[in-house]
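Since the structure comes first, as structure tokens, the remarks are kept for the end.
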Amino acid sequence: MPTHNSPLVIGVSGHRDLRPEAVPRVSREVDEFLADLKLRLPDTQLRVMTGMAQGADLLVARAAVNAGCKVDAVLPMPLDRYVQDFDTESAAALQALLADPAVHCTVLPAPPGADHDAKHGDGRAVFYANLTQALAEKCNLLLALWDGKTSPLAGGTADTVLRYLGARTRPGRDESAVEFQAAAAEAVWGPHFVYWIPAPRGSLAADASQESRYVSAIGENLLALHGRGIPQALAQQFAELNTYNHEFERLNGKQAFDRLDSLLPTLAASVSPADSDDLQRIDAEYGKADALAIYYQQHSDRLFRGFSYTASVMALLFLVYAKLWDNSVLLSVYLTLLLLSVVVFHRLRSRQWFSKHLIYRALAETMRIKFFLRAAGADRLVSAAELINLTAIDQFPGFSWIGNVLKNVESLGVRANDDEATQRARLQNVHRHWIVGQQEYFRRRVRTLERDHRRLEVLKSWMLYAIAAFALLLLLFAGPLHERMLATITGKDGVLFLMGLLPVWLGVWELYQNKMAMRELLWQYRNQLGHFTIAQLQLSRSAQASRHQEILAQIGKEALMESYLWTIHRYHREYEPPTAT
């Protein structure tokens, strides 16, 4: 069975002209930073993503290779033109690193309106701004070798830091000064952080008061300075991401999964080589999250059923003891079951099977939607990260790391346009396997849940009628029921026993249904069926590819929002919401 490690991607931005006297200190601090991350994420692959520019980028790339990390060299332009921005020594270092097996090289597609013949200077700024955008979209943490000074240069170090943090949002040049404030302890920081290693440039004197630290954004051109130690929110993200990788490898090694589901076979005939790597990455994350979600759902469902059966048996024992057979053995069995249930509950509660099921199911459904949107060329029209921020699902314990995985599966650069026939075939496949497939799935599930719900309502009604009938028996046949039927048991004892047992079992069953949220699940499936039915009707009335992509993007947003709201609702049923700040 294949394995897939979800990496932590560290982006790099830094100056080309580091002051030579500062290079040993900066190199040492880069080594310490990478070593700390490897210690925190023993089961997670570290990947360093860098533009491989002269100076800081090459320094970090070399350190990453020496530390045993993989390096994603993302060049802003083809190599033959890129080396024109390097001196002879740095160009040779670049070529040597690109030849290293640990380095994987990708050239970003040129941004719209770029001048391919532009020489070093403002003409190439658009290429470096494109690289900044790629780093912001792909990396989970940014390492900045920066002097802390503002710069209006698009794609420069200051611009990359600020745009990654969301502290610079206006397009083009921005000459606003950067301001720093101490991070308030009570604030909620994230989701983006930069690890800033102060790096003086050229012949400028270094600021001895500055030390390496984590930085986050407060507002436009306003940054929060954290201590040298990793902020708790970021440490929690890393720990949860590592748990995700660790649990999958552990369970996969134990052959706990029957199989890993895959979406690729549904589109195999229409997947272009340009999309193949991206779709395989998304599919691998989907299969991984889906397998974990199913595993923990099975365990949490068994736990719910186990406690329901235990409560039913305990009720039966107690009523037998109280009404039919006054025997100390029954009481001993009852107390034993009660104590065992308390012990098992406290031992299993810390395993958080139910919350893990919710987390992994939310991730799996996100990957499913991203897969088909990517296949349809509509992925750029939907931002799952924005919906996560809008619903604040990442504020719940255990969910904060999902954004890291979303970034891992984002594509680099702009997708090339397919010819009309290929695009039509691709959209038809997505329509058939996603829209129609999900519509049929939700229709089946709604029918099944409605049928089960009707049966349960009938059963509950009959149980209530039976209880009423027993009460009527007591009223009409009070005398005969006092006669003994078996040993010391009278008819009245039998009727009272049944009158007590049926409501208790009815209550236990209702509690089980409430814990499983069957009615809410039916409600969610009906909503999803409605969304996909409307999308199916809209797609059947449109022939334009661009309109198809808009419809698919809209259903993607609706399905994602429905999934996140459902997850939040189910989480609230079992756990306290995040603490207010």
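The values are calculated or read from the model by the stated rules, or taken from the named source; none is laboratory data. It should be emphasised that the depicted structure is a prediction, and the values quoted were computed from it without experimental measurement. Note that each Cβ is placed from the backbone with ideal geometry, even for glycine, and that neighbours are counted across all protein chains shown. Areas reflect the complete protein model, heavy atoms only, side chains present, ligands, DNA and RNA absent. Shrake-Rupley method; radii C 1.70, N 1.55, O 1.52, S 1.80 Å.
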Quick one: if the Förster radius is 51 Å, what FRET efficiency do R424 and Y309 give, using the C-beta to C-beta distance and rounding to 0.05?
0.40
Provide the packing ranking of 448-455, 531-538, 258-265, i.e. peptides ordered by the mean count of other C-beta atoms within 10 Å per residue, highest first.
531-538, 258-265, 448-455
Semi-axes of the stretch 319-427 from the Cα gyration tensor (sqrt of 5 times each eigenvalue, largest first, whole Å) come to 54, 17, 10
Report the extension gain between S328 and E450 in nm, rounded to one decimal, defined as 0.36 nm multiplied by the number of residues separating them, less their alpha carbon distance.
39.5 nm
For every other residue with a beta carbon closer than 13 angstrom to the beta carbon of R259, add +1 if it is Lys or Arg and -1 if Asp or Glu, then tell me the sum.
-2
Counting only Cα, what are the radius of gyration and maximum Cα-Cα distance Dmax of the stretch 259-340, in Å?
25.0, 76
Please report the antiparallel percentage of DSSP beta bridges with both residues in the chain, rounded to the nearest 5.
25
Packing rank of 343-350, 97-104, where each peptide gets the mean count of other beta carbons within 10 Å, highest leading:
97-104, 343-350
Output the 0 to 90 degree angle, nearest 10, between the alpha-carbon long axis of helix 437-476 and the longest principal axis computed from the alpha carbons of the chain.
30
Want the number for L98 to H246: 0.36 nm per residue separation, take away the alpha-carbon distance, what's left?
50.2 nm
Roll a 1.4 angstrom probe over the protein heavy atoms and tell me the percent of accessible area of the chain that is carbon or sulfur.
57
Using a simple charge model, +1 on the beta-carbon of Lys and Arg, -1 on the beta-carbon of Asp and Glu, nothing else, what dipole does the chain show about its Cα centre, in debye to the nearest 20?
2160
Expressed in nanometres to one decimal, the distance between label points 7 Å along Cα→Cβ at R302 and Q210 is 5.6
Segment R526-D87, length gained on full extension (0.36 nm per residue, minus Cα span):
151.7 nm
Charge dipole of the chain about the Cα centre (unit charges at C-beta), most positive-ward option of N245, L338, A559:
L338
Mind checking the per residue accessible area of the chain for me, 1.4 Å probe, whole number of Å²?
49
Based on the Kirkwood radius over alpha-carbon pairs, what is the Stokes-Einstein translational diffusion coefficient of the stretch 1-154 at 25 °C with 0.890 mPa s viscosity, in µm²/s?
151
How high is the FRET efficiency between R351 and A235 when r is their beta carbon distance and R₀ equals 25 Å, given to the nearest 0.05?
0.70
Which of the residue pairs K149/K288; K149/K356; K38/K356; K149/K370 have a Cα-Cα distance greater than 32 Å in the structure shown?
K149/K288; K149/K356; K149/K370
